[in-house]
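Report on one structure; see the data block that follows.
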């Protein structure tokens, strides 16, 4: 049973999500996302598809399993899924309860996802489980900052934004490490707040 | 700093405008006779909140975190500077506009420098800039 509170929250936002996300953010982040998603290869899981805003920057010709907790979000994404030059199998699913067998995927991608997952370390452990040993995790995320004055600003902002959806102060790189991944590279896109994270599930644990 | 002209110019103007608007709001609220420290702290918080409010419409065109963080910071500094100044003595409208503009322009310059220091690749996630 998915987290119904979270599901209802995202279902409610779905029809106006694109307007809320804003074209500015998508345009600003497009080159970084395109570069990250260019790594897609093999059996790919994309976490939190949302309304499919990222689909236009997916490389063509891939077969991607995409999940999202909100059926309304996936409904909104249908047009972009249909327009994709490849295959996207979109399913309603909570990351904490994925039925995929252990080691089902070669790669997992996320995009502004772990600001919103209820239990981030548990969610990342679930991704760790479905990745094969040596499998890769690629993330485009906004996180909290380690530096003053940005850190208290992000904490203050989170007090407001968490009511609607995302938190602004998650220490996602630390969470990735806590979930058992080995960090390969962190690329700070803006300050230490917007970043791409590449990590790997170690071959032998 | 984002090297695309649209974003570089947009960031600069947005911070300039928010700096001026916050300074004007503080100029209107605070009068000489306020305790300087109370004025400084209260207006710093007010400026941050006004920066957050301004972020919402501006973010549609200029992006999320790249807009939110500088605008809150500009609001905070503009509120603090104008609050402190106005508690000490009366300023003209033009002076208030000047203080806000300096706060906005100065802060976006600070953000560009901070960003150039923090952005980029860190291997193994072991850098201090790695959150």
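The values are calculated or read from the model by the stated rules, or taken from the named source; none is laboratory data. All of these numbers come straight from a predicted model, not from anything done at the bench. Backbone-built Cβ (ideal geometry, glycine too); neighbour counts: all protein chains shown.
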Next on the checklist: Report every pair of residues separated by at least 6 positions or lying on different chains whose Cβ atoms are under 6 Å apart, first residue within segment A:8-28 and away from chain B (no Cβ under 13 Å), second at pLDDT 90 or above and assigned to a helix (DSSP H, G or I).
Outcome noted: A:10/A:73; A:11/A:72; A:14/A:72; A:14/A:73; A:14/A:76
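Return the total of residues in segment A:29-43 being away from chain B (no Cβ under 14 Å), in contact with a strand residue (DSSP E or B) (Cβ under 9 Å, 6 or more places away or on another chain) and either part of a helix (DSSP H, G or I) or surrounded by 15 or more Cβ atoms within 10 Å (Cβ to Cβ) (or both).
First pass over segment A:29-43, keeping only residues away from chain B (no Cβ under 14 Å): A:34, A:37-43.
Keeping just the survivors that are in contact with a strand residue (DSSP E or B) (Cβ under 9 Å, 6 or more places away or on another chain) gives A:37, A:39-43.
Still in the running and either part of a helix (DSSP H, G or I) or surrounded by 15 or more Cβ atoms within 10 Å (Cβ to Cβ) (or both): A:37, A:40, A:43.
Selection size over segment A:29-43: 3.
Look through B:43, B:48 and report the one residue that is under 21 Å from residue B:97 (Cβ atoms), within 10 Å of chain A (Cβ to nearest Cβ) and in contact with a helix residue (DSSP H, G or I) (Cβ under 6 Å, 6 or more places away or on another chain). Show your work before the answer.
Values: B:43 fails: within 10 Å of chain A (Cβ to nearest Cβ).
After ruling out the rest, the residue left standing is B:48.
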Checklist entry - Out of the residues in segment B:1-33 that are modelled with pLDDT of 95 or more and more than 21 Å from residue B:106 (Cβ to Cβ), which is surrounded by the fewest Cβ atoms within 10 Å (Cβ to Cβ)? => result B:28
Checklist entry - Do you know which residues across segment A:138-195 are touching a helix residue (DSSP H, G or I) at 6+ places or on another chain (Cβ under 6 Å), closer than 21 Å to residue A:37 by Cα and more than 9 Å from chain B (Cβ to nearest Cβ)? => result A:138, A:140, A:141
Next on the checklist: Name the single residue that is farthest from the other protein chains (Cβ to nearest Cβ) among those in segment B:24-40 being under 17 Å from residue B:100 (Cα atoms) and without any contact (Cβ under 8 Å) to a residue 24 or more places away in the chain.
Outcome noted: B:28
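Assess whether residue A:194 counts as being in contact (Cβ under 8 Å) with a residue 40 or more places away in the chain, touching a strand residue (DSSP E or B) at 6+ places or on another chain (Cβ under 9 Å) and under 24 Å from residue A:96 (Cβ atoms).
On the way: in contact (Cβ under 8 Å) with a residue 40 or more places away in the chain: yes; touching a strand residue (DSSP E or B) at 6+ places or on another chain (Cβ under 9 Å): yes; under 24 Å from residue A:96 (Cβ atoms): no.
For residue A:194, the condition - in contact (Cβ under 8 Å) with a residue 40 or more places away in the chain, touching a strand residue (DSSP E or B) at 6+ places or on another chain (Cβ under 9 Å) and under 24 Å from residue A:96 (Cβ atoms) - is not met.
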